[in-house]
Each structure stands twice: as C-alpha cells, then as structure tokens.
Amino acid sequence: MIRGLGRQIVAFALLLAAASVFAPGSASAASGIEIANTGATSDFPNGMTFTLSATAPAPIETIQLLYRLASDATLSLQSPSFQPATEVTTSVTTDFRINYVPAGIDVTYHWRIIDQRGATLESEPVVVKWSDSRFDWTEFKSSDVSVFTYTGNDAFANRILNSAQSAVDTLEPRYGIAAIDPVRLWVYNSSDDFRATQQPNSQEFVAATTYPQFHVILAVLPEGGLREVDRVVPHEISHQVLAQAVANPFATPPLWLDEGLALSAQLRGTEDMQAQVQTAADEGRLDTVRSLNSEFPLERAGFVFGYAESYSIVQFILDRWGWDGMTKLLDGYRDQLSHDAAAQRALGVDLDGLDRLWKESLGYRGDTPGATTTSHNADTPWTELWGNVLAIVLMGAVTTSLAVGFIRRRRQHAASDSHFLASVPGFHRLRW
C-alpha cells in the first residue's frame, strides 16, 4: 500500500511539473512578453478572425494561433503575417468553408509568441462559440442534451429535448456506456434556413447532419412536425451515443450496424421495411451483410434499400441473440476487433455466417440471375421509396487536412424533406 501510494505521489509530482512547463501563460512573467489585447470574431458561414496585440522586450519573431474544435484532441495551428517588432498588432482568419467546421461548437484558442531572445509566452486558453449568427438562439437543456431553437415555440423545443434525452437514456445501457458527453442539437425551422450550414456542394435534399466527433447535430424540424421529431431525433442521437460507446482510433462498427441501430431507435418510420426485405428475399435479390459494411449501392433505389436491409439484419440479431448479444458485439468494436472477430466473439459466427443465418430466417433460396435491388425498384415511384425509407441517407466520410498536418475523418448524417435521411463519419460514407 505504501509503495503503491509512493508511485501515485511521484506520478502526481510529474504531472505538476509537466503542467508548470506546458500550461498556457506559465511563461508570462519570465518572458516579459505581454498581450495587450486579443479577441475572436465570427463571420458565419465563412470562419473566424482572431486578433492579437502584444509587446516584448525584444522583437517578436514568431506568432502562432492554436485552436481546438469542440473536444477534439488535436490542435490546429495558423500563423499570421506581421513584421518583427517589439510591438505587434496582427490577425489571422480561419476558413471554415474550405476546412469545413459545422456550426454550433466551441472553439478553444490560445497564442504562442516567441521573441528574438527565444523567450516564449503561451497565453491562457479562451473559449468562443462558432454558431450560426443569423438567428437569436434559445437553449433548452437536460442532463445530456442541449437543444437550440430560434422560433420562440417553447413547447415544441421541449418536445424535441424530451425526445433526445429519452433516446439517450434508452440507448446508453443498450450500447454499453454509462454516460455520454453532452450533445448539442441545433434546430432549423426550414430547409432554406438550414442550407447555409452545410458543406459546399452538399446535396440539396440534405436536411440533417450529425458530427459525433464534435457532439453536434444540425437538423430541419419544422414547428409542429411531431412525426419528424419521433423519427429524426432518436436516429441522430443513436449515432452520437454509439460513436461514444465504441470510440477507438482503429475500429468502427460497419455501416449496416450503425444505420440499423439508428433505425431501430426510431419511434416511427420503419413500419414497411421488413416487408420490403421479405419481398426482396422472395425475389432472390438480397445483398450480403459483408457488402454493406462500408458503402450502400450508389443507385438511389439500391442506396435506399440498403437502409431496409440494415434494419432487417439488426432486428434479426436482436431477435436471435437479444440486447445481450448486441452489447457484446459492440464491445468487440470498443476492443478494436475486426468485423469478423467481433461477430465471432459475440454471436458465434463471422459475417458470412451471420449472412447465412439472416437469409435463412427469410427463406432465401439464393440470388436470382440478373436480379438487383435497383432493377426491382425501378418501377416504384420515387416518392414511395423515399417515404418507405423514412428519409435517412448516409452522406459519406469527409477528410480534412488541418494546418498542423493531421487528417481528420468526419461523419455527417443527412436527411431529406421527403423523409430520406442521409448519413455522412462528417459526409457517415458520420462512414457516414
């Protein structure tokens, strides 16, 4: 006990020493460098401008802006232009359109200043909100969710908040996580209002995006649209809770599992999915489980049908192995197992075995030559397809190179006004 305590004391002392070296502002008195003024101004949707005025005993040679997006573990770095001098006033502008950053998150920034003597100042961190400044937002808050609206309809905002918190409470034990980091949900009353928040060249049908790495959701939920609340909110919350439950840098759940769980979390919108899949099984045109790991078919009908198949696969797992089996499957991804290893440990079969059992449960007799999910749906009205798939589509993975030289993989979840949800891991294709 004493030896163990000694190790803890030594470790704590080392932490204190590290903090004294790296804590922003710790070199202020010794360096003689002083910050006279600093600030940050938002220019939605373009980006933010950071300003600085500083003095030093010797000419300042290096100025660096370091900023963190939400709870991201990595700092981005930018350097402003200036002439070396003992008094410097300068600014630097971040472009959140090129290096896309979703509205509604906190940005934490500080300055690093170095003069000709090599003296260094790291300023204290400052937190500012990067948000859509076109509207006056009101926050409605529960233990795990903050809902932001601008319409003044408190009753509808609380309905959204209750739906989101209820989904969190339901999904935490199912996904095997004790608690999540709070999620922000920014609600837009129309697609026109929402469109300016999206990445350049985003599809016009997108009506909801979710970024699990930033713990933020942007969604179109017109006032009074209770069906949309019951469908969209639990779906998007599922992506947030699942991402936090299985977070690790090496393994993520397959797309069919992520989307299938999100669909299962919905209170409405999945009523016809099993029938669609059964019809496809009878006609010999099911995809394999493995083929749905990362991408759905590119054609619209096949893409939409991938959601129905994902829902069916997840429902099959829950019917056969229950939530105990599902939680064990998710544990496999938390433990950085491969798709096959995670399924084998939790369900006793790899993905090919899961595919065989799922299709047997549907009475599947094998592929019909020439039959495809797209060709089968070719004569079905698009409005029926969008309606049947409740409007949830995955939009893809957006990779962003930041100034510090790291690559960030993002997820985004998208949805259409005609009830066609799309996901992006920041375009999910959120793997999203």
Qualifying residues in region 335-350 (those that are among the aliphatic types (A, V, I, L, M) and in a helix (DSSP H, G or I)) - the one nearest to the chain's Cα centre (by Cα): 342
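Can residue 332 be described as under 23 Å from the mean Cα position of the chain (by Cα), under 16 Å from residue 273 (Cβ atoms), of a type in the set (Gly, Ala, Ser) and part of a helix (DSSP H, G or I)? Spell out how you get there, then give the answer.
Details: under 23 Å from the mean Cα position of the chain (by Cα): yes; under 16 Å from residue 273 (Cβ atoms): no; of a type in the set (Gly, Ala, Ser): yes; part of a helix (DSSP H, G or I): yes.
So residue 332 does not fit the description; no.
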Could you please let me know if residue 244 is surrounded by fewer than 21 Cβ atoms within 10 Å (Cβ to Cβ), under 16 Å from the mean Cα position of the chain (by Cα) and either outside the structural domain of residue 348 (by TED's automatic domain parsing) or not in a loop (DSSP other than H, G, I, E, B) (or both)? yes
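Mind listing whichever residues of region 86-118 are of a type in the set (Gly, Ala, Ser) and surrounded by 14 or more Cβ atoms within 10 Å (Cβ to Cβ)? Spell out how you get there, then give the answer.
Pass one, region 86-118, residues of a type in the set (Gly, Ala, Ser): 91, 103-104, 118.
Once the filter is applied, which keeps residues that are of a type in the set (Gly, Ala, Ser) and surrounded by 14 or more Cβ atoms within 10 Å (Cβ to Cβ), region 86-118 yields 91, 103, 104.
Residue-wise test of (1) on the phi > 0 side of the Ramachandran plot; (2) assigned to a strand (DSSP E or B).
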| position | (1), (2) |
| --- | --- |
| 101 | no, no |
| 117 | no, no |
| 121 | no, yes |
| 127 | no, yes |
| 133 | no, no |
| 136 | no, no |
| 152 | yes, no |
| 161 | no, no |
| 166 | no, no |
Any residue that is buried (at least 17 other Cβ atoms within 10 Å of the Cβ), modelled with pLDDT under 95 and within 28 Å of residue 130 (Cα to Cα) - is there at least one of those in region 54-64? no
Would you confirm whether any residue within region 18-33 is more than 30 Å from residue 137 (Cβ to Cβ) and at pLDDT 95 or above? yes
What single numbered condition from (1) farther than 30 Å from residue 162 by Cα; (2) outside any strand (DSSP E or B); (3) polar (S, T, N, Q) fails to hold for residue 41? (2)
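Quick check on my filter: what residues within region 266-298 are outside any helix (DSSP H, G or I) and over 25 Å from the mean Cα position of the chain (by Cα)?
Of the residues in region 266-298, the ones outside any helix (DSSP H, G or I) are 266-272, 283-289, 293-298.
Residues satisfying the conditions are 271, 272, 283, 284, 285, 286, 287, 288.
Suppose we filter region 65-116 for residues that are aromatic (Phe, Trp, Tyr) and either closer than 25 Å to residue 185 by Cβ or modelled with pLDDT under 95 (or both); how many remain? Step through it out loud before you land on a result.
Of the residues in region 65-116, the ones aromatic (Phe, Trp, Tyr) are 67, 82, 96, 100, 109, 111.
So of that shortlist, the ones also either closer than 25 Å to residue 185 by Cβ or modelled with pLDDT under 95 (or both) come out as 67, 96, 100, 109.
Number of matching residues: 4.
Listed here are the residues, each with its yes/no results for (1) out of contact with any strand residue (DSSP E or B) (no Cβ under 6 Å at 6 or more places or on another chain); (2) within 12 Å of residue 256 (Cβ to Cβ); (3) outside the structural domain of residue 231 (by TED's automatic domain parsing); (4) surrounded by fewer than 20 Cβ atoms within 10 Å (Cβ to Cβ).
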position	(1), (2), (3), (4)
273	yes, no, no, no
284	yes, no, no, yes
295	yes, yes, no, yes
318	yes, no, no, yes
326	yes, no, no, no
Strands (runs of 3 or more DSSP E) (entirely within region 177-227) containing at least 1 residues that are surrounded by 15 or more Cβ atoms within 10 Å (Cβ to Cβ) and small (Gly, Ala, Ser): 208-211, 216-220
Unmet criterion (only one of (1) more than 21 Å from the chain's Cα centre (by Cα); (2) at pLDDT 95 or above) for residue 143: (1)
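Condition first: in a loop (DSSP other than H, G, I, E, B) and either buried (at least 19 other Cβ atoms within 10 Å of the Cβ) or in contact with a helix residue (DSSP H, G or I) (Cβ under 7 Å, 6 or more places away or on another chain) (or both). Now tell me which residues in region 28-38 satisfy that.
We begin by selecting, within region 28-38, every residue in a loop (DSSP other than H, G, I, E, B); these are 32-33.
Hit for region 28-38 is 33, nothing else.
The values are calculated or read from the model by the stated rules, or taken from the named source; none is laboratory data. From a predicted model like this one, the values you see are computed outputs, not experimental measurements. Note: ideal-geometry Cβ built from the backbone for every residue, glycine included; neighbour counts use all protein chains shown.
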